[in-house]
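What follows is a single structure, written as structure tokens, with notes after it.
The values are calculated or read from the model by the stated rules, or taken from the named source; none is laboratory data. It should be emphasised that the depicted structure is a prediction, and the values quoted were computed from it without experimental measurement. Ideal geometry is used to build each Cβ from the backbone, glycine not excepted, and the neighbour counts take in all protein chains shown. The protein model used for the area step is the full one, side chains on, heavy atoms only, and it has no ligands, DNA or RNA in it. Shrake-Rupley method; radii C 1.70, N 1.55, O 1.52, S 1.80 Å.
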Amino acid sequence: MLIRCGYDIAFACTADTPLLLMLHVRPERHSDLETPENFAVTPAVPFRDYRDSFGNVCTRLVAPAGTTRFTADFLVRDSGLPDTVPEGAAQSPVDALPDDVILFLMGSRYCDTDRLADLAWSLFGNIAPGWPRVKAISDYSHARIAFDYKQARSDRGAADAHAEQVGVCRDYAHLAVALCRCMNIPARYCTGFLGDIGIPPDGNPMDFSAWFEVYLGGAWHSWDARHNKPRIGRILMGIGRDAADVALSTAFGKAELVTFKVATDEVV
């Protein structure tokens, strides 16, 4: 299938303000692009791209005083198949994990494993390792948090989401990632496009989405604690330890978000 993705995002700055953006499709999906991403900045100011330590494509620029707008509109090819469920995928012993995977067992800013370790072992310690344990963690995270778009906030960590029992997709992902790490299952945070493809319309404003990946059977597998079932049409933009590593925008100064529109639709 073809999926049309895009966004229209604008910030108002009171002075020249350096910005760091993570708004590009991950390199793994570049071969699926049917059109260029058509990334544009208005007014036309110089910018440059680079790859961060996780392989994400980032953009640097200095936004002038006033309003700066970022847009993209592109077509991407997708299999149209739902996420693969890694049934039977085994959990690797910690000492057998690749060096570049060990990082994703560590606690991080929003995945505060030290606050959740005792809970995790009490809940999941008797569940078979591997996919059964990951699925139990996802089921628990899905049931524990009530989705409420109006209660999104940028400083809520996994333990806070568990205690408050409310959040948005990033909170489901953070809780599942943290609980997996507590159980010695490498897990990483993902962000990207995920439209209402193959499901009834959600009804909430379209946004970028967050999900997670677990390392089982020697490979990374996508899963989604918010929806807790396979979905169609994930277009990956960024991966990291948690949302701090894949912030869509970071302003080194005052930048007020004045426009935020995201589109992800199947082309029929």
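Things to note:
- Test: residue in the range 220-227 that is over 23 Å from Ala161 (Cα atoms), in contact with an Asp or Glu (Cβ under 9 Å, 6 or more places away or on another chain), assigned to a strand (DSSP E or B) and modelled with pLDDT of 95 or more: yes
- Of all residues in the range 48-61, those satisfying the criterion of being crowded, with 16+ Cβ neighbours inside 10 Å and assigned to a strand (DSSP E or B) are Val57, Cys58, Thr59, Leu61.
- Residue match in the range 208-217 (condition: of a type in the set (Val, Ile, Thr), open to solvent by less than 30 Å² (accessible area, probe 1.4 Å) and either in a helix (DSSP H, G or I) or more than 30 Å from Val57 (Cβ to Cβ) (or both)): no
- Filter result (assigned to a helix (DSSP H, G or I) and open to solvent by less than 10 Å² (accessible area, probe 1.4 Å)) within the range 160-171: Ala161, Asp171
- Within the range 116-131, at least one residue is of a type in the set (Phe, Trp, Tyr), touching a residue at least 60 places away in the same chain (Cβ under 8 Å), under 17 Å from Leu216 (Cβ atoms) and touching a strand residue (DSSP E or B) at 6+ places or on another chain (Cβ under 9 Å).
- Test for Pro200: is it modelled with pLDDT under 95 and surrounded by fewer than 19 Cβ atoms within 10 Å (Cβ to Cβ): yes
- In the range 62-82, residue farthest from the chain's Cα centre (by Cα) [restricted to those that are of a type in the set (A, V, I, L, M, F, W, C) and not in a strand (DSSP E or B)]: Ala65
- Selection of the range 112-154 for residues being of a type in the set (Phe, Trp, Tyr) and open to solvent by 30 Å² or more (accessible area, probe 1.4 Å) yields Trp121, Tyr140, Phe147, Tyr149.
- The helices (runs of 4 or more DSSP H) found wholly in the range 83-158 and carrying at least 2 residues that are closer than 18 Å to Pro186 by Cβ and among the small types (Gly, Ala, Ser) occupy 117-124, 131-144.
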